Amino acid sequence: MISGRALHYVFKIGDRLKNAVFFRDILGMQVLRHEEFQEGCDAQCNGPYNNRWSKTMIGYGPEDDHFVIELTYNYGVKSYVLGNDFGGITIRSKEVIERAKAKNYPITSDNVLVSPDGYKFFILPEQQPASDPVVGVALNSTNLEKSVDYWSNVLNMNLITKSDSSAVLSYKENSVQLKLQKIDVPINREKAYGRIAFAVPLSVQPHIDEVIKKTNNTILTPLITLDTPGKATVRVIILADPDGHEICFVDEEGFTQLSKVEVDGNDRLDKYIGKDPFQ
């Protein structure tokens, strides 16, 4: 039985300064850690690029109990074409709305914010809770029945609600939800495609491998060990759902060590932003 903990969603970004302003000053998130890499990731964590890149984890609290965002920056890539695979992230926080208006950041009448790279954030006009204000992540689906079958019957997520146009799932009660939204055109993931990540016990990963093979679904990256310089090693397996949405299952034991909050993460991000050639 697979039972995961939702960790983060990966965005590719083209301008670290603009994104730092958006995520820190508008959404009110904090930098949890910042990491620099000299070459591409064996699991294509930064996409199909074999170059220098950076990873910035940013959110409302530690990755132990908050769903956060991974900002992936490939040096030399200033923008990405946006596809129609990603639906948006929902956040419960009237404070975000107030900050956006105070800082003249564009916000629609129904409280939708768009990041510098085009990713949508749906803001609920409610008091931001002391716990994680991130409600859920929406991904688009061309065949809702097939998608629900994959996420619930293959990956064992709990189906919370379902209609003709959408379905909501989650691994645990009162945790971040995955919303699958039906669209009537083919999924085009383009260069900006993202990835959602979950943590599972190390012992569960081989079972995931077996289940995916048994059900003739897609494994993009078989079980592989990834190193982060000076930090813990983690093991991951990367899957793709019926619409090609990438899913990372990382081992809980290694990730708990890797994801410790850095006291200097914010300063390190600013340091490297200052070195970006187009700033």
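Quick rundown of the values:
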quantity	calculated
Convex hull of Cα atoms in the range 107-218, direction-averaged projection (nm²)	9.4
Convex hull volume of the range 148-279 per residue (C-alpha atoms, cubic angstrom)	168
Relative contact order of the chain, pairs being alpha-carbon contacts under 8 Å that are 6 or more residues apart, as %	21
Zone of Lys172's modelled label, taken as backbone nitrogen in the range 77-92 under 20 Å from a point 7 Å along Cα→Cβ	90-92
Entries in Lys103/Lys275; Lys191/Lys275; Lys12/Lys94; Lys55/Lys260 that, when Cα-Cα distance is taken, lie over 23 Å	Lys103/Lys275; Lys191/Lys275; Lys12/Lys94
³J(HN,Hα), Karplus 6.51/-1.76/1.60, whole Hz, each residue of the range 253-258, x for Gly, Pro	5, x, 5, 4, 6, 5
Exposure ranking of Asp184, Asp65 by accessible area [1.4 Å probe, largest first]	Asp184, Asp65
Cleavage-rule hits (trypsin sites (Lys or Arg not before Pro)) in the range 1-87: DSSP loop, at most 14 neighbouring Cβ within 10 angstrom	Lys78
Estimated FRET transfer efficiency when R0 is 30 angstrom, pair Lys101-Gln38 (beta carbons, to 0.05)	0.15
Residue order for Val204, Val263, Val21 - accessible surface, 1.4 angstrom probe, largest first	Val263, Val21, Val204
Value in Å of the Kirkwood radius, where the range 25-134 supplies the Cα pairs that are averaged	15.4
Per residue Cα convex hull volume in Å³ - calculated over the range 17-89	120
Length-normalised contact order of the range 28-89 in % [C-alpha pairs under 8 Å, at least 6 apart]	30
Solvent-accessible surface ranking, highest first, for Glu126, Glu70, Glu145 at 1.4 angstrom	Glu145, Glu126, Glu70
Among Thr256, Thr215, Thr142: highest mean-square fluctuation, GNM of the chain, C-alpha pairs under 10 Å	Thr215
Two-decimal Rg to Rh for the range 212-279 - Kirkwood Rh, Cα set	1.14
In nm, spacing of pseudo-spin labels at Asp149 and Ile219 (7 Å Cα→C-beta vector)	2.2
The chain, accessible area per residue, ligands and nucleic acids excluded (1.4 Å, Å²)	45
Mean separation of Cα contacts under 8 Å, 6 or more apart, over the residue count of the range 197-279: relative contact order %	29
Mean Cβ neighbour count within 10 Å, used as a protection proxy, ranking 104-114, 152-162, 232-242 highest first	232-242, 152-162, 104-114
Distance between modelled label sites at Ser163 and Lys94, nm, 7 Å Cα→Cβ extension	2.5
Estimated dipole of the chain in Debye, rounded to 20 [Cβ of Lys and Arg +1, of Asp and Glu -1, Cα centre]	520
Residue-averaged [θ]222 nm for the chain, counting only DSSP H segments that reach four residues, each worth -39500 (n - 2.57)	-4000 deg cm²/dmol
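The values are calculated or read from the model by the stated rules, or taken from the named source; none is laboratory data. Source: prediction; values computed, not measured. Because the Cβ atoms are built from the backbone with ideal geometry, glycine has one as well, and the counts that use them run over all protein chains shown. Note: areas computed on protein heavy atoms with side chains; ligands, DNA, RNA excluded. Shrake-Rupley method; radii C 1.70, N 1.55, O 1.52, S 1.80 Å.
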